[in-house]
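Asks: Would you mind keeping the following structure in view while I ask a few things?
The values are calculated or read from the model by the stated rules, or taken from the named source; none is laboratory data. Bear in mind the structure is a predicted one, so any value in this text is a computation, not a measurement. Note that each Cβ is placed from the backbone with ideal geometry, even for glycine, and that neighbours are counted across all protein chains shown. Accessible surface areas use protein heavy atoms only, side chains included; no ligands, DNA or RNA. Shrake-Rupley method; radii C 1.70, N 1.55, O 1.52, S 1.80 Å.
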Amino acid sequence: MIAHGTVHKYGDNVDTDVIIPARYLNTANHAELAAHCMEDIDREFTSKVKKGDILVGGANFGCGSSREHAPIAIKEAGISVVIAKTFARIFYRNAINIGLAILECPEASANIRGGDEVEVDFDTGVITNLTKNETYSAQPFPPFIQEIIARGGLLSSISETRKQEASK
(Lines give C-alpha, C1' and ligand atoms only; values in the text may rest on other atoms or scores of the structure.)
Protein backbone atom coordinates (compact mmCIF):
# COMPACT_ATOMS: atom_id res chain seq x y z
CA MET A 1 0.00 0.00 0.00
CA ILE A 2 1.21 3.51 -0.87
CA ALA A 3 0.23 6.84 0.68
CA HIS A 4 0.88 10.12 -1.11
CA GLY A 5 0.13 13.64 0.05
CA THR A 6 1.13 17.05 1.28
CA VAL A 7 2.76 17.32 4.71
CA HIS A 8 1.34 19.15 7.71
CA LYS A 9 4.21 19.48 10.22
CA TYR A 10 4.18 19.89 14.00
CA GLY A 11 6.82 19.68 16.72
CA ASP A 12 7.56 17.59 19.78
CA ASN A 13 5.10 16.56 22.49
CA VAL A 14 1.89 17.14 20.54
CA ASP A 15 -0.53 15.78 23.10
CA THR A 16 -4.00 14.35 22.76
CA ASP A 17 -5.55 17.52 24.23
CA VAL A 18 -4.07 19.46 21.31
CA ILE A 19 -5.05 16.86 18.72
CA ILE A 20 -8.67 16.93 19.91
CA PRO A 21 -9.46 19.35 22.74
CA ALA A 22 -11.29 17.82 25.70
CA ARG A 23 -14.25 20.17 25.22
CA TYR A 24 -15.26 18.12 22.17
CA LEU A 25 -15.09 14.68 23.78
CA ASN A 26 -18.81 14.59 24.48
CA THR A 27 -19.47 13.33 20.95
CA ALA A 28 -18.82 9.97 19.35
CA ASN A 29 -19.42 11.47 15.89
CA HIS A 30 -16.17 11.01 13.98
CA ALA A 31 -16.86 13.86 11.55
CA GLU A 32 -17.49 16.23 14.46
CA LEU A 33 -14.20 15.19 16.08
CA ALA A 34 -12.37 15.74 12.78
CA ALA A 35 -13.86 19.22 12.45
CA HIS A 36 -11.94 20.25 15.59
CA CYS A 37 -8.71 18.33 14.99
CA MET A 38 -5.59 20.36 15.88
CA GLU A 39 -7.60 23.58 16.21
CA ASP A 40 -5.81 24.78 19.35
CA ILE A 41 -2.42 24.86 17.59
CA ASP A 42 -3.51 25.30 13.97
CA ARG A 43 -6.92 26.86 13.38
CA GLU A 44 -6.53 26.31 9.62
CA PHE A 45 -5.69 22.59 9.86
CA THR A 46 -9.05 21.18 8.82
CA SER A 47 -9.44 23.65 5.96
CA LYS A 48 -5.94 22.86 4.63
CA VAL A 49 -6.03 19.06 4.84
CA LYS A 50 -6.94 17.12 1.74
CA LYS A 51 -7.78 13.42 1.83
CA GLY A 52 -4.54 11.45 1.79
CA ASP A 53 -2.34 14.17 3.29
CA ILE A 54 0.42 13.29 5.73
CA LEU A 55 1.03 14.57 9.25
CA VAL A 56 4.62 14.74 10.51
CA GLY A 57 5.41 15.24 14.17
CA GLY A 58 8.44 15.23 16.42
CA ALA A 59 9.18 13.22 19.54
CA ASN A 60 6.47 11.80 21.80
CA PHE A 61 3.61 12.47 19.39
CA GLY A 62 0.23 11.70 20.95
CA CYS A 63 1.33 11.95 24.58
CA GLY A 64 -1.24 12.68 27.25
CA SER A 65 -4.45 10.83 27.91
CA SER A 66 -5.32 7.45 26.47
CA ARG A 67 -8.32 8.57 24.45
CA GLU A 68 -8.93 6.96 21.06
CA HIS A 69 -10.57 10.21 19.97
CA ALA A 70 -7.17 11.64 18.95
CA PRO A 71 -6.25 9.13 16.21
CA ILE A 72 -9.91 8.97 15.16
CA ALA A 73 -9.96 12.77 14.63
CA ILE A 74 -6.71 12.65 12.64
CA LYS A 75 -7.87 9.78 10.44
CA GLU A 76 -11.34 11.23 9.88
CA ALA A 77 -9.80 14.62 8.97
CA GLY A 78 -8.24 12.89 5.95
CA ILE A 79 -4.69 12.15 7.10
CA SER A 80 -3.41 8.91 5.56
CA VAL A 81 -0.35 8.43 7.78
CA VAL A 82 1.38 10.06 10.72
CA ILE A 83 5.18 10.03 10.71
CA ALA A 84 6.98 11.00 13.91
CA LYS A 85 10.33 10.70 15.62
CA THR A 86 8.55 8.71 18.37
CA PHE A 87 4.99 8.10 19.49
CA ALA A 88 3.57 7.89 22.97
CA ARG A 89 2.87 4.19 23.42
CA ILE A 90 -0.85 4.52 24.13
CA PHE A 91 -1.33 6.68 21.00
CA TYR A 92 0.67 4.12 19.00
CA ARG A 93 -1.65 1.31 20.09
CA ASN A 94 -4.82 3.38 19.68
CA ALA A 95 -3.77 4.33 16.14
CA ILE A 96 -3.44 0.67 15.19
CA ASN A 97 -6.72 -0.16 16.93
CA ILE A 98 -8.65 2.38 14.85
CA GLY A 99 -6.73 1.81 11.61
CA LEU A 100 -4.58 4.95 11.40
CA ALA A 101 -1.24 4.24 9.72
CA ILE A 102 1.78 5.49 11.67
CA LEU A 103 5.53 5.22 11.20
CA GLU A 104 8.42 6.12 13.48
CA CYS A 105 11.33 7.64 11.57
CA PRO A 106 13.56 10.21 13.30
CA GLU A 107 15.31 11.16 10.04
CA ALA A 108 12.06 11.83 8.19
CA SER A 109 10.69 13.74 11.17
CA ALA A 110 13.75 15.99 11.22
CA ASN A 111 14.08 16.61 7.47
CA ILE A 112 10.55 16.79 6.09
CA ARG A 113 8.98 20.26 6.13
CA GLY A 114 5.38 21.41 6.05
CA GLY A 115 4.16 21.64 2.47
CA ASP A 116 6.55 18.96 1.17
CA GLU A 117 5.04 16.30 -1.06
CA VAL A 118 5.73 12.85 0.40
CA GLU A 119 5.07 9.25 -0.57
CA VAL A 120 5.08 6.33 1.87
CA ASP A 121 5.39 2.67 0.92
CA PHE A 122 3.92 0.72 3.85
CA ASP A 123 5.28 -2.62 2.63
CA THR A 124 8.91 -1.49 2.66
CA GLY A 125 8.82 1.42 5.13
CA VAL A 126 10.40 3.71 2.53
CA ILE A 127 9.39 7.35 2.90
CA THR A 128 10.15 9.48 -0.16
CA ASN A 129 10.21 13.25 0.06
CA LEU A 130 9.37 14.08 -3.55
CA THR A 131 9.94 17.80 -2.95
CA LYS A 132 13.55 17.32 -1.79
CA ASN A 133 14.26 14.07 -3.67
CA GLU A 134 15.26 12.34 -0.40
CA THR A 135 14.36 8.93 1.00
CA TYR A 136 14.20 7.73 4.59
CA SER A 137 13.73 4.25 5.99
CA ALA A 138 11.22 3.36 8.68
CA GLN A 139 10.54 -0.10 10.08
CA PRO A 140 7.37 -1.30 8.33
CA PHE A 141 4.67 -3.02 10.32
CA PRO A 142 4.48 -6.79 9.95
CA PRO A 143 1.79 -8.00 7.53
CA PHE A 144 -0.78 -8.81 10.23
CA ILE A 145 -0.69 -5.22 11.56
CA GLN A 146 -0.78 -3.83 8.02
CA GLU A 147 -3.89 -5.94 7.50
CA ILE A 148 -5.50 -4.52 10.67
CA ILE A 149 -4.83 -0.98 9.41
CA ALA A 150 -6.02 -1.78 5.87
CA ARG A 151 -9.28 -3.21 7.25
CA GLY A 152 -9.97 -0.03 9.19
CA GLY A 153 -8.84 -1.11 12.64
CA LEU A 154 -8.82 -3.98 15.07
CA LEU A 155 -12.59 -4.44 15.47
CA SER A 156 -13.19 -4.31 11.72
CA SER A 157 -10.37 -6.79 11.19
CA ILE A 158 -11.80 -9.22 13.76
CA SER A 159 -15.25 -8.91 12.21
CA GLU A 160 -13.89 -9.56 8.72
CA THR A 161 -11.90 -12.57 9.92
CA ARG A 162 -15.01 -14.03 11.59
CA LYS A 163 -17.05 -13.56 8.40
CA GLN A 164 -14.37 -15.32 6.38
CA GLU A 165 -14.20 -18.21 8.86
CA ALA A 166 -18.00 -18.54 8.93
CA SER A 167 -18.19 -18.79 5.15
CA LYS A 168 -15.77 -21.73 5.00
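Asks: Quick one: with all protein chains in place, what share of the accessible area of the stretch 76-127 is carbon or sulfur, to the nearest percent (1.4 Å probe)?
Replies: Using a 1.4 Å probe with all protein chains present, the stretch 76-127 comes out at 45 percent carbon and sulfur.
Asks: According to the square roots a ≥ b ≥ c of the eigenvalues of the Cα gyration tensor, what is the shape class of the chain, taking rounded for a/c under 1.5, prolate for a/b larger than b/c otherwise, and oblate for the remainder?
Replies: Verdict is oblate for the chain.
Asks: Another one. Accessible area per residue, 1.4 Å probe, Å², for the stretch 56-112: what's the number?
Replies: Result: 31 Å² of accessible area for each residue.
Asks: Which number comes out as Rg/Rh for the stretch 58-126 once both Rg and the Kirkwood Rh are worked out on C-alpha atoms?
Replies: 0.94
Asks: Still on this structure, I have one more. With the cut-off at 1.5 for a/c, could you classify the stretch 19-102 from its C-alpha gyration tensor as rounded, prolate or oblate? Kindly include the intermediate steps, with their values, before the conclusion.
Replies: Working: a/c = 1.40, a/b = 1.14, b/c = 1.23.
Rounded shape, in that the Cα axes give a/c under 1.5.
Asks: Provide the net charge surrounding Leu130, with neighbours chosen by a C-beta distance below 12 Å and charges set as Lys +1, Arg +1, Asp -1, Glu -1.
Replies: So the surrounding residues net to -3.
Asks: What does DSSP give for the stretch 21-168 in terms of the percent of beta bridges that are antiparallel, rounded to the nearest 5?
Replies: 45
Asks: In the stretch 51-131, what % of DSSP beta bridges are antiparallel (nearest 5)?
Replies: 30
Asks: Would you please name the trypsin sites (Lys or Arg not before Pro) within the stretch 70-127 that are DSSP coil residues with at most 16 other C-beta atoms within 10 Å of their C-beta?
Replies: Hits after loop and neighbour filter: Arg113.
Asks: Want the number for Ser159 to Tyr24: 0.36 nm per residue separation, take away the alpha-carbon distance, what's left?
Replies: Computed gain between Ser159 and Tyr24 is 45.7 nm.
Asks: Next up: Please give the length that would be gained between Ala31 and Ser167 if that part of the chain were fully extended, namely 0.36 nm times their separation in residues minus their C-alpha to C-alpha distance (nm, one decimal).
Replies: Values: separation 136, 0.36 × 136 = 48.96 nm, distance 3.33 nm.
Result: 45.6 nm gained on full extension.
Asks: Right, another one. Calculated from DSSP H runs of 4 or more alone, at -39500 (n - 2.57) each and per residue, what is the 222 nm mean residue ellipticity of the chain, nearest 500? Please report the intermediate quantities before stating the final value.
Replies: Details: 8 runs with 60 residues, N = 168.
Value at 222 nm, helices only: -9500 deg cm²/dmol.
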